[in-house]
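Participant: This structure is in structure tokens; I'll ask about it shortly.
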Amino acid sequence: MRPHPERAGGGEVSQVVVLDAAGGIAEQIRWALKGENLSVERVADAAEASRELGGDASLLVMNPCVQPDMSFIPLEGLAREVGETPLMIVTGCAPVEEAARVLFPQARSVVRLPLSPMDLRDEILGAVVKRGGNGNGRSALNGLGGIVGCSSAMQEVYRGIQMAAASDTTVLLTGETGTGKELVAKTIHERSSRRRGPFVVVGCAELPETLIESELFGHAKGSFTGAGSDKIGLFEAAQGGTVLLDEMGDASPGLQARLLRIVEERKVRRVGEVRTRDLDVRLIAAAQESLPERVAAGSFRRDLFYRLQVLHIPLPPLRERSEDIPLLVQHSLAGGGKFTAARPRISPLAMEILRAHPWPGNVRELFSAVEAALIAQSNGHLTVPDLPKEVTAHWRENGGDQGEAVRIVAALREVNGNRAEAAKMLGVSRTTLWRLMTRLGISADEGIP
């Protein structure tokens with residue numbers, strides 16, 4: 001059995017073994033699990049699966065539909081060997097689905113394809129969660145620190161995270177507010193060799209000039225009025241770990257000068273002391289995308305900028321990766337249990353409106369909007385009326401009120417969801433209305449607030 005890659009928090013990563021002779025299902029699962037801390041190993045037959053499962057794999061995913069000659073005999077033997085390993089059947093064949101339910105009653109679930117990547121991900125993670133993690137009490141859901149997205153823009157971010165985690169160099173993260181700079185920084189820390197050390201955030205815009213020295217570097221007892229005892233600074237508190245210099249572009253000139261010395265020398269001197277102390281910390285700086293403009297304008301030190309951007313990871317705004325919005329929404333809905341008894345659903349039209357929104361506040365704003373909608377809904381089904389008014393208003397103001405979707409939704413709302421009456425109002429047949437609703441993803445309980 002291959003050794004497992006290391007988890008972010010130490011130990012071993014949970015593993016998904018996919019028994020799939022053709023390889024297509026395994027590729028779908030790899031794509032669905034991007035960003036999750038689960039290794040995916042494809043095996044071609046039951047014997048190879050048995051060997052791969054010789055350790056502590058978290059889940060066996062089996063696709064019997066593509067087994068040679070459709071024989072379940074070797075799979076039955078494998079099922080006996082699996083023991084406590086969770087088992088999931090994935091198939092696109094109805095006869096195999098029914099047979100699998102009988103032959104493998106211990107299966108966590110029998111999943112019928114096709115499924116969206118998000119639904120497939122949820123099914124697999126659900127099976128892992130049922131097992132209670134990877135066998136040693138730790139959850140298998142840490143992933144890349146909770147980062148969600150499979151767009152090409154996010155693939156570049158993941159590559160940057162992997163490069164940063166494999167080195168100890170200084171990293172510069174740039175991006176608009178709400179793009180997840182602190183989350184990415186923490187992920188780099190948790191996947192690096194410093195994962196067991198502290199992760200300390202320094203808010204550069206929050207530090208007043210009078211407290212910079214004491215807060216960052218510490219002070220000796222009696223060094224100034226009120227210094228009743230020795231105090232270590234934030235940099236010393238992060239020894240062996242990582243310091244995130246947040247809102248770096250808003251650092252004052254005095255703070256920039258002090259940080260440049262830290263970056264170059266990796267030494268600190270407490271206020272009131274003569275001797276310096278060595279620092280063993282990894283530095284990550286986070287700033288708005290306007291940092292180069294501040295350098296050009298002379299408000300940010302050019303030498304410090306060059307020292308910080310040894311490895312630069314730009315984070316894309318949400319409007320430039322709108323294909324990730326459905327994944328982010330589903331991720332947010334997965335945590336909606338505090339608002340509904342079961343996992344909430346979202347109508348296709350509501351999803352499209354969310355996807356079309358520009359989200360100037362990025363992921364943070366999207367999550368807030370979904371949470372507001374979850375509070376507004378009453379039946380576990382999130383529809384257009386549940387969305388924040390500013391979201392639906394933007395959609396209407398930018399052409400949404402001219403489309404068929406809005407006319408149909410308005411008619412349905414007028415007649416309380418009666419499709420026959422709505423069809424009369426719109427001057428079309430019930431069949432035509434049904435086809436339009438199906439194509440546009442509209443349910444009968446939709447409405448524009």
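Participant: Applying 1/(1 + (r/R0)^6) with R0 = 22 Å to the Cβ-Cβ distance of Q155 and E289, what FRET efficiency is obtained, to the nearest 0.05? Mind dumping the intermediate values first?
Facilitator: On the way: r = 20 Å, r/R0 = 0.89.
With R0 = 22 Å, the Cβ-Cβ based efficiency is 0.65.
Participant: Which cross-chain or sequence-distant (5 or more) residues have an amide H under 5 Å from the amide H of I346, H modelled 1.01 Å from N in plane?
Facilitator: L382
Participant: Students often check this: by mean Cβ neighbours within 10 Å, which of 355-363, 374-382 ranks highest, and how do the rest follow? Please list the in-between numbers first.
Facilitator: Values: 355-363: 18.2, 374-382: 15.9.
By packing density, highest mean first, the sequence is 355-363, 374-382.
Participant: Using the Cα atoms of region 237-360 to build a convex hull, what is its mean projected area in square nanometres?
Facilitator: Details: hull surface 47.7 nm².
So the mean shadow area of the Cα hull is 11.9 nm².
Participant: Residue by residue, what Karplus-based ³J(HN,Hα) values in Hz, rounded to whole numbers, does region 199-208 have, using 6.51, -1.76 and 1.60 with θ = phi - 60° and x for Gly and Pro?
Facilitator: Per residue, the Karplus-derived 3J(HN,Hα) values read 10, 10, 9, 10, x, 5, 7, 8, 7, x Hz.
Participant: Need one number: the % of Cα-Cα pairs in region 210-288 sitting beyond the 19 Å mark. Display every interim value, and only then the final one.
Facilitator: Details: 1060 of 3081 pairs.
Above the 19 Å cut-off, region 210-288 has 34 percent of its Cα pairs.
Participant: In nm², what is the average projected area of the convex hull enclosing the Cα atoms of region 363-443? It would help to have the intermediate numbers written out before the result.
Facilitator: Numbers: hull surface 23.8 nm².
The orientation-averaged projected area of the Cα hull of region 363-443 comes to 6.0 nm².
Participant: Okay, next question. Taking the inverse of the average 1/r across all pairs of different Cα atoms in region 187-251, what Kirkwood radius in Å do you get? Before the final figure, lay out the partial values.
Facilitator: Numbers: mean 1/r = 0.0772 Å⁻¹.
Kirkwood hydrodynamic radius for region 187-251: 13.0 Å.
Any read-out appearing in this document is the output of simple, stated calculations on the displayed coordinates, not a laboratory observation. Because the structure is a prediction, the values reported are computed rather than measured. Cβ sites come from the backbone with ideal geometry, for glycine too, and all protein chains shown count toward neighbours.
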